Amino acid sequence: MEEYQTFETDLIHAIFKLVWSRRALERQLLEGTDALDGEVGAGTSKKNRPTSANANALKLSCELLRNFVTEAVQRAATIAEAEGTDKIEATHLERILPQLLLDF
Amino acid sequence: MEREEDDSVSEVLRDRFRLSTISIAEAEAKRSGMEISEPVVACISDLAFKFTEQLAKDLELFTQHAGRKSANMEDVILCAHRNEHLAALLRSYRDDLKAKEPQSDRKRKKASKKDDRAPEDIVHVPDI
């Protein structure tokens, strides 16, 4: 069987960066550093530099996210199968959603 | 206006993320011999995106709590610590990743890796 699909690390990386820089900016504003600094780049002040991640951590995050998606599909597929259909519908997802969200 | 720019960037990312999710979800459905309806995939993709954002926040908190500036694999595993199976899965994946690096000269490799693939390894200030 072919290699399974997964997320691209640079995509996940970009999303992480967006969240982190947004939060760094918020921190900066909270601390009352001048707003000009924040517009130039969120990393000007050493203390408020956004978090970063190493390459392996990103790969691991991709794996975690891939697992989230495949779990959702597999669990919904089980319910659909039990109902005797071979198409996964919204109702099947609804059934598995609470436990899925508790598990991740 | 800062915010608007931010939103358009996140819009693009969200779309790219959705495309990835669709291909993963459909491949997975095909594997178990099922069809999957479009709204379900869209919903899963939205959930996964929210999960990603939450993951970013968690990672940041764990990283800062450890007194580091850069998230590593342990931080990611910590994010999944509530689910033992998931954590075990991630741990074995981490071991796989580690095994790929040669054991003997890992330290040296770390130094050289920085030069080789700096843009991927070091995540700094994004240029938005």
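The values are calculated or read from the model by the stated rules, or taken from the named source; none is laboratory data. All values reported here derive from a predicted model rather than from experimental measurement. Every residue, glycine among them, receives a Cβ derived from its backbone with ideal geometry; neighbour counts consider all protein chains shown. Remember, those area values only see protein heavy atoms, side chains included, never the ligands or the DNA or RNA. Shrake-Rupley method; radii C 1.70, N 1.55, O 1.52, S 1.80 Å.
Are any of the residues in the range B:90-98 in a loop (DSSP other than H, G, I, E, B), over 21 Å from B:Ser10 (Cβ atoms), of a type in the set (Lys, Arg) and within 7 Å of another protein chain (Cβ to nearest Cβ)? No, every residue in the range B:90-98 fails to be in a loop (DSSP other than H, G, I, E, B), over 21 Å from B:Ser10 (Cβ atoms), of a type in the set (Lys, Arg) and within 7 Å of another protein chain (Cβ to nearest Cβ).
Among residues that are modelled with pLDDT of 95 or more and more than 7 Å from chain B (Cβ to nearest Cβ), A:Leu64 is not included. Taken over the range A:86-101, residues that are open to solvent by less than 30 Å² (accessible area, probe 1.4 Å) and in a helix (DSSP H, G or I) amount to 4. Here B:Leu13 does not fit the description of being in contact with a Ser or Thr (Cβ under 9 Å, 6 or more places away or on another chain) and not in a loop (DSSP other than H, G, I, E, B).
Considering (1) outside any helix (DSSP H, G or I); (2) more than 7 Å from every other protein chain (Cβ to nearest Cβ), the lone condition that A:Pro50 does not fulfil carries the number (2). Would it be correct to say that A:Thr44 is assigned to a loop (DSSP other than H, G, I, E, B) and either more than 9 Å from chain B (Cβ to nearest Cβ) or modelled with pLDDT of 90 or more (or both)? The answer is no for A:Thr44. Counting only residues that are open to solvent by 50 Å² or more (accessible area, probe 1.4 Å) and within 16 Å of A:Cys62 (Cβ to Cβ), the range B:59-95 holds 4 of them. Taking B:Phe49 as the residue in question, decide whether it is within 21 Å of A:Cys62 (Cα to Cα), open to solvent by 40 Å² or more (accessible area, probe 1.4 Å) and at pLDDT 95 or above. Criteria not met by B:Phe49.
In the range A:1-40, of all residues being among the hydrophobic types (A, V, I, L, M, F, W, C) and open to solvent by 90 Å² or more (accessible area, probe 1.4 Å), the one that is modelled with the lowest pLDDT corresponds to A:Met1.
For the range B:6-20, the count of residues that are more than 7 Å from every other protein chain (Cβ to nearest Cβ), open to solvent by less than 80 Å² (accessible area, probe 1.4 Å) and hydrophobic (A, V, I, L, M, F, W, C) is zero. If you go through the range A:71-85 and keep only what is surrounded by fewer than 21 Cβ atoms within 10 Å (Cβ to Cβ) and in contact with a helix residue (DSSP H, G or I) (Cβ under 7 Å, 6 or more places away or on another chain), you end up with A:Glu71, A:Gln74, A:Arg75, A:Ile79.
Within the range B:110-128, the set of residues being loosely packed, with under 14 Cβ neighbours inside 10 Å, charged (D, E, K, R) and modelled with pLDDT under 55 comprises B:Lys110, B:Lys114, B:Asp115, B:Asp116, B:Arg117.
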